[in-house]
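Chemist: Before anything else, here's the structure in question.
Readers should treat all values here as calculations from the given coordinates under stated rules, not as data from a laboratory. The model shown is predicted, which means the values in this text are computed figures rather than measured ones. Ideal geometry is used to build each Cβ from the backbone, glycine not excepted, and the neighbour counts take in all protein chains shown.
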């Protein structure tokens with residue numbers, strides 16, 4: 001049998017840790033920049049490959065493959081070690097990137113993007129886990145700040161690089177650029193990351209892994225297609241979610257009987273784990289409101305260009321890594337739960353701040369809201385992930401970390417559906433209740449609003465459509481404030497002191513200890 005690591009990496013000097021952190025940032029950059037760099041080149045890709053009606057699946061298949069595999073990779077990293085899982089996942093991502101650059105039509109590109117997503121799942125599942133392995137509780141906040149900064153850089157660099165490659169070179173390079181970054185990361189990981197291994201017989205839960213992939217994949221597929229390919233309450237929509245529910249029931253039945261389940265039962269028996277992961281579902285939900293619709297508001301209502309709107313959206317990257325890095329001092333003083341509560345409060349205040357801004361909202365004020373949202377997200381997520389990693393020993397940290405990451409991305413899938421319904425519902429109501437004098441000038445469907453507005457429907461009609469988009473955006477931020485309040489309520493059910501477990505102990509029976517404490521985990 002294989003020889004899985006059973007303890008944290010050892011023999012990692014300070015210089016080696018710095019190189020490993022650089023490698024982790026490179027691999028995280030691959031996953032972080034992938035969506036943003038592709039989005040700006042879609043017109044060129046569609047013009048070359050055709051298949052406009054399929055292009056949304058270029059993003060959807062990546063998100064689907066990435067999300068459903070995170071729990072499986074987390075379990076594998078506990079059984080075989082982080083290093084082989086991260087190397088295999090990065091290599092798979094690079095293979096998908098190279099294949100995507102050679103795609104000859106849209107279905108081929110979608111298939112290769114799915115391969116990329118499979119690799120991204122391994123990256124997301126192991127990078128944060130390795131940060132917990134290599135650094136103490138006090139140090140992890142700073143490291144999470146560095147990792148969060150990668151997403152901020154990707155939010156800015158991705159669209160710029162994607163646009164530059166598409167306009168001046170070729171869209172193929174948006175995928176080829178991953179190869180040197182990934183090769184550098186693989187080299188650094190291979191040389192500097194060492195893990196101590198102990199021989200142990202393994203029993204791999206193949207049935208549970210397959211059921212998890214199919215059940216979660218079916219559910220997220222329903223979320224992605226609902227409201228677009230078919231109405232939510234239509235026969236196809238109900239059938240998909242009924243199938244997802246049946247597959248989920250089968251998964252629970254199999255996992256309860258598996259000797260080494262991919263999703264162990266103890267994940268659901270501790271308030272600290274369940275409450276923290278539910279809070280991260282809410283965080284993923286809230287994140288989708290500005291990410292999906294703020295650029296539309298800024299371009300259609302505020303009159304900004306695409307690049308300027310992207311930069312305003314990316315201003316969350318100022319607050320997020322800063323709050324993540326500074327959160328260590330806070331959670332060392334008041335504890336993980338209370339520090340996360342501070343982040344949730346900041347989310348409530350920032351979302352309400354946007355709702356209360358007078359129209360037309362000044363761009364600088366929207367930037368401040370985004371910075372505050374980023375700080376709230378950073379202050380919410382970092383104490384929770386660091387705290388959860390201290391609840392278990394090394395041999396269970398992959399499962400706990402991947403469960404938290406999965407919760408966040410599941411929340412984003414739910415958020416895309418929820419806020420899409422809110423935004424489109426508001427616009428539909430406005431179109432239905434428009435003054436009679438504008439009826440002939442306004443679009444008949446919500447899907448045509450942006451196109452008609454950009455084409456010009458007349459001064460009065462354009463003003464009405466802008467007001468409608470502005471109102472829909474306010475409703476989104478109001479919904480985000482409600483979700484942030486729900487996060488607060490959920491966090492109040494989490495124990496103030498996280499139970500810190502020694503390696504090998506059962507997280508279901510860990511004795512509560514003063515939390516946090518330096519070097520724990």
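Chemist: Restricting to Cα pairs below 8 Å that are 6+ residues apart, what does the relative contact order work out to for region 169-280? Please round to a whole percent.
Modeler: Numbers: 56 pairs, mean separation 29.5, N = 112.
For region 169-280, the relative contact order is 26 percent.
Chemist: Same structure, new question: If you take the square roots of the eigenvalues of the alpha-carbon gyration tensor of region 1-203 and sort them as a ≥ b ≥ c, do you get rounded (a/c under 1.5), prolate (a/b over b/c) or oblate? Show your work: numbers first, answer last.
Modeler: Values: a/c = 2.46, a/b = 1.73, b/c = 1.42.
The shape class here is prolate.
Chemist: Would you mind calculating the gained length between residue 232 and residue 168 on full extension (0.36 nm times residue separation, minus the Cα-Cα distance), in nm to one decimal?
Modeler: 18.9 nm is the gain from fully extending residue 232 to residue 168.
Chemist: Now for a different question. Gap in Å between the Cα centre of region 221-271 and the Cα centre of region 279-295?
Modeler: Comparing the Cα centres of region 279-295 and region 221-271, I get a distance of 22 Å.
Chemist: Can you list the residues of region 319-351 with backbone N under 16 Å from a point 7 Å past the Cα of residue 365, pointing along Cα to Cβ?
Modeler: 349-351
Chemist: Is it possible to state the helix-based mean residue ellipticity at 222 nm for the chain, with each DSSP H run of 4+ residues giving -39500 (n - 2.57), the sum divided by total residues, to the nearest 500 deg cm²/dmol? What is it? List each step's numbers first, then the result.
Modeler: Numbers: 18 runs with 390 residues, N = 521.
Result for the chain: -26000 deg cm²/dmol, rounded to the nearest 500.
Chemist: Let me ask something additional. I need the peptides 148-155, 32-39, 98-105 ranked by packing, meaning the mean over residues of other C-beta atoms within 10 angstrom, with the highest value on top.
Modeler: Values: 148-155: 21.0, 32-39: 22.5, 98-105: 16.9.
Sorting 148-155, 32-39, 98-105 by mean packing, highest first, produces 32-39, 148-155, 98-105.
Chemist: How do the peptides 117-128, 355-366 rank, highest first, by the average count of neighbouring beta carbon atoms within 10 Å per residue?
Modeler: On the way: 117-128: 27.6, 355-366: 13.3.
Averaged packing, sorted descending, gives the order 117-128, 355-366.
Chemist: What nm distance separates the two modelled labels at residue 260 and residue 184, each placed 7 Å from Cα along Cα→Cβ?
Modeler: 3.6
Chemist: If you don't mind, there's one more thing I want to ask. FRET efficiency for residue 421 and residue 196, Cβ-Cβ distance as r, R0 = 35 Å, nearest 0.05? Don't jump to the answer; show the numbers that get you there.
Modeler: Details: r = 50 Å, r/R0 = 1.43.
FRET efficiency, residue 421 to residue 196: 0.10.
Chemist: Now for a different question. List 316, 382 from most exposed to least, where exposure is judged by having the fewest other Cβ atoms within 10 Å. If you can, show how the numbers build up before the last one.
Modeler: Details: 316 29, 382 32.
Starting with the residue having the fewest Cβ neighbours, the order is 316, 382.
Chemist: Let me ask you something else. Run the quick spin-label model on residue 356 and residue 467: label points 7 Å from Cα toward the beta carbon, then report their separation in nm to one decimal.
Modeler: 2.5
Chemist: Please order 423, 336 by the number of other Cβ within 10 Å, starting at the fewest. Each step should come with its number before you reach the end.
Modeler: Details: 423 22, 336 31.
In order of increasing Cβ crowding within 10 Å: 423, 336.
Chemist: A follow-up question, please. Taking the chain as the reference, fit the longest principal axis to its C-alpha atoms, fit the long axis of helix 394-432 to the helix C-alpha atoms, and give the angle between the two in degrees, 0 to 90, nearest 10.
Modeler: Result, in degrees: 10.
Chemist: With a 10 Å Cβ neighbour count serving as the proxy for reagent exposure, in which order, fewest first, do 174, 45 appear? Could you put the intermediate results ahead of the total?
Modeler: Details: 174 28, 45 22.
Final ranking by Cβ density, sparse to dense: 45, 174.
Chemist: While we're on this one: If we sort 384-397, 406-419 on the protection proxy, mean other Cβ atoms within 10 Å, highest first, what's the order?
Modeler: Numbers: 384-397: 25.6, 406-419: 22.4.
The most tightly packed comes first, giving 384-397, 406-419.
Chemist: Averaging sequence separations of C-alpha pairs under 8 Å and six or more residues apart, then dividing by the length of region 115-242, give the relative contact order as a whole percent. Don't skip to the answer; put the middle values down first.
Modeler: On the way: 25 pairs, mean separation 12.2, N = 128.
It comes to 10 percent, rounded to a whole number.
Chemist: Multiply the residue gap between residue 176 and residue 478 by 0.36 nm, knock off their C-alpha separation, and tell me the result in nm, one decimal place.
Modeler: Length gained between residue 176 and residue 478: 104.7 nm.
Chemist: Relative to the present Cα-Cα distance, how much length would full extension add between residue 308 and residue 459 at 0.36 nm per residue of separation?
Modeler: Values: separation 151, 0.36 × 151 = 54.36 nm, distance 2.43 nm.
Gain in length upon complete extension: 51.9 nm.
Chemist: Could you give me the percent of Cα pairs per 10 Å distance bin for the chain, shortest bin first, beginning at zero and ending with the bin that holds the maximum distance?
Modeler: 4, 18, 29, 28, 15, 5, 1, 0
Chemist: To the nearest 0.05, how large is the calculated FRET efficiency for residue 102 and residue 269 if R₀ is 41 Å and r is the Cβ-Cβ distance?
Modeler: On the way: r = 48 Å, r/R0 = 1.17.
With a Förster radius of 41 Å, E is 0.30.
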